[in-house]
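Asker: Quick one: the structure is below, and I'll ask about it shortly.
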Amino acid sequence: MPLALITGASSGIGAAFAIELAQSGYDLVLVARRTERLAAIAQQIKNTYQISVKTLTADLSSEAGMSLLEGEIASIQNLSLLINNAGFGTSGNFADIDLRKQMDMINLQIMAVVRSCRAALPGMMQRNQGSIINVSSISAFLPTAGNANYGATKAYLVSFSEALQAELINTDIKIQALCPGFTYSEFHDSAEFSHFDRRLVRQWLWQEANTVAQLSLAALWANRSQRSVVFIPGWINRLLIAITRPKLMRVLLGLSPQRTVKTVK
Ligand SMILES: NC(=O)c1ccc[n+]([C@@H]2O[C@H](COP(=O)([O-])OP(=O)(O)OC[C@H]3O[C@@H](n4cnc5c(N)ncnc54)[C@H](OP(=O)(O)O)[C@@H]3O)[C@@H](O)[C@H]2O)c1
């Protein structure tokens, strides 16, 4: 049985990935802070699919949570897919937002991802098998006021994922930087976004979490020639990024960075 570990699996895109992968016969390890939510999702999945589901409660912005995650990954013999999805947003300018929150964001959206990739890759390389999806955002390409730290953490994930794939060019290991646009989830339900009204963003810009997960997995499982490290789900999002950042036309055209990034010895 293939096995996938998903962080941030208690809601939104992470929970959608869990259901998609359960349908495809993956055993699952689901990680997040809310134990009861994880347990409810695990039970719902086990009621429908003949797979095993383990849950792990961990705050991945803390040292203890990251160590727990590393230990869990190291203990899995057959990790087929690692999805670094846990994340949160803030609303407001950098200088106005509590520094603690900004550091938590860097810990969760950079440090935990780096450490989980470092824990997973030696085993994957030994088996020459496995995939990693790092959930970034179209914000990675759109540095905007009110989004400074969030966009920067997501840009890190794009750069990191592209370079990792270049280093793994001679292996069968696949890396994806998934860059969703506006997605229906609990992301905008936090106190941070209490003044945010989803209706202010045009409806055609929104995607369902399960659509994002389905498109991401289809892109990951596509033939090597059709695959690119950076994956933006939906042509509207791709067009938006291509228009606002002409340099990223290669993303729209599906030109793989594997062909443009060379390993320098
Ligand atoms: N929704 C969007 O419009 C959008 C757009 C682009 C990218 N994204 C990205 O997509 C990813 C998933 O977000 P979502 O939209 O599905 O939002 P969501 O429904 O709020 O899900 C976020 C997940 O991350 C977990 N999480 C948050 N902080 C955590 C921590 N400190 N330790 C462990 N887990 C933590 C949450 O679980 P607990 O609260 O139980 O810990 C939850 O399972 C994020 O990386 C986000 O940046 C979202």
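The values are calculated or read from the model by the stated rules, or taken from the named source; none is laboratory data. In this text, all values refer to a predicted model and were calculated from it rather than measured experimentally. For neighbour counting, all protein chains shown are included, and Cβ atoms are generated from backbone atoms with ideal geometry for every residue, glycine included. Side chains included, ligands, DNA and RNA excluded: accessible areas come from the protein's heavy atoms. Shrake-Rupley method; radii C 1.70, N 1.55, O 1.52, S 1.80 Å.
Asker: Tell me which residues, restricted to the range 144-164, are of a type in the set (A, V, I, L, M, F, W, C), outside any loop (DSSP other than H, G, I, E, B) and open to solvent by 50 Å² or more (accessible area, probe 1.4 Å).
Answerer: A148, A152
Asker: Report yes if G181 is within 12 Å of the ligand (Cβ to nearest atom), at positive phi and modelled with pLDDT of 95 or more, otherwise no.
Answerer: Working: within 12 Å of the ligand (Cβ to nearest atom): yes; at positive phi: no; modelled with pLDDT of 95 or more: yes.
It is false that G181 is within 12 Å of the ligand (Cβ to nearest atom), at positive phi and modelled with pLDDT of 95 or more.
Asker: If you don't mind, there's one more thing I want to ask. Considering every residue within the range 39-46, establish whether at least one is without any contact (Cβ under 8 Å) to a residue 60 or more places away in the chain, within 24 Å of I173 (Cα to Cα) and away from the ligand (no atom under 15 Å from the Cβ).
Answerer: Of the range 39-46, the ones without any contact (Cβ under 8 Å) to a residue 60 or more places away in the chain are 39-46.
If we keep only those that are within 24 Å of I173 (Cα to Cα) as well, we get none.
No, the conditions are met nowhere in the range 39-46.
Asker: Same structure again: Can you find even one residue in the range 208-226 that is away from the ligand (no atom under 11 Å from the Cβ), hydroxyl-bearing (S, T, Y) and part of a loop (DSSP other than H, G, I, E, B)?
Answerer: No: the range 208-226 contains no residue that is away from the ligand (no atom under 11 Å from the Cβ), hydroxyl-bearing (S, T, Y) and part of a loop (DSSP other than H, G, I, E, B).
Asker: Still on this model: Can we say R100 is of a type in the set (K, R), open to solvent by 20 Å² or more (accessible area, probe 1.4 Å) and within 24 Å of L164 (Cβ to Cβ)? Can you show your working first?
Answerer: Working: of a type in the set (K, R): yes; open to solvent by 20 Å² or more (accessible area, probe 1.4 Å): yes; within 24 Å of L164 (Cβ to Cβ): no.
No; evaluated as a whole, the condition is false for this residue.
Asker: To continue, here is another question. Just checking: which of the strands (runs of 3 or more DSSP E) contained wholly in the range 7-87 hold 2 or more residues that are among the β-branched types (V, I, T) and open to solvent by less than 10 Å² (accessible area, probe 1.4 Å)?
Answerer: On the way: elements: 27-32, 53-57, 79-84.
Correct list: 27-32.
Asker: For the range 9-25, which residues satisfy the criterion of being under 12 Å from the mean Cα position of the chain (by Cα) and either more than 8 Å from the ligand (Cβ to nearest atom) or without any contact (Cβ under 8 Å) to a residue 12 or more places away in the chain (or both)?
Answerer: Within the range 9-25, F17 is the sole residue that qualifies.
Asker: Separate question: Anything in the range 201-214 that is free of Cβ contacts under 8 Å to residues at least 40 places away in the same chain and in contact with a Gly (Cβ under 7 Å, 6 or more places away or on another chain)? List them, or say none.
Answerer: Those that are free of Cβ contacts under 8 Å to residues at least 40 places away in the same chain and in contact with a Gly (Cβ under 7 Å, 6 or more places away or on another chain): L205, Q207.
Yes/no matrix, rows are residues, columns are (1) among the basic types (K, R); (2) at pLDDT 95 or above:
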site: I73; (1), (2): no, yes
site: F88; (1), (2): no, yes
site: S91; (1), (2): no, no
site: K101; (1), (2): yes, yes
site: I110; (1), (2): no, yes
site: V113; (1), (2): no, yes
site: A120; (1), (2): no, yes
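Asker: Given (1) more than 10 Å from the ligand (Cβ to nearest atom); (2) closer than 18 Å to A119 by Cα; (3) under 17 Å from the mean Cα position of the chain (by Cα), where does I6 come up short, assuming only one miss?
Answerer: (1)
Asker: Okay, moving on. Looking at the range 59-116, which of the residues that are without any contact (Cβ under 8 Å) to a residue 60 or more places away in the chain and of a type in the set (S, T, Y) is farthest from the ligand (Cβ to nearest atom)?
Answerer: Going through the qualifying residues, I end up with S75.
Asker: Is there a residue being at positive phi and in contact with a Ser or Thr (Cβ under 9 Å, 6 or more places away or on another chain) anywhere in the range 90-108?
Answerer: no
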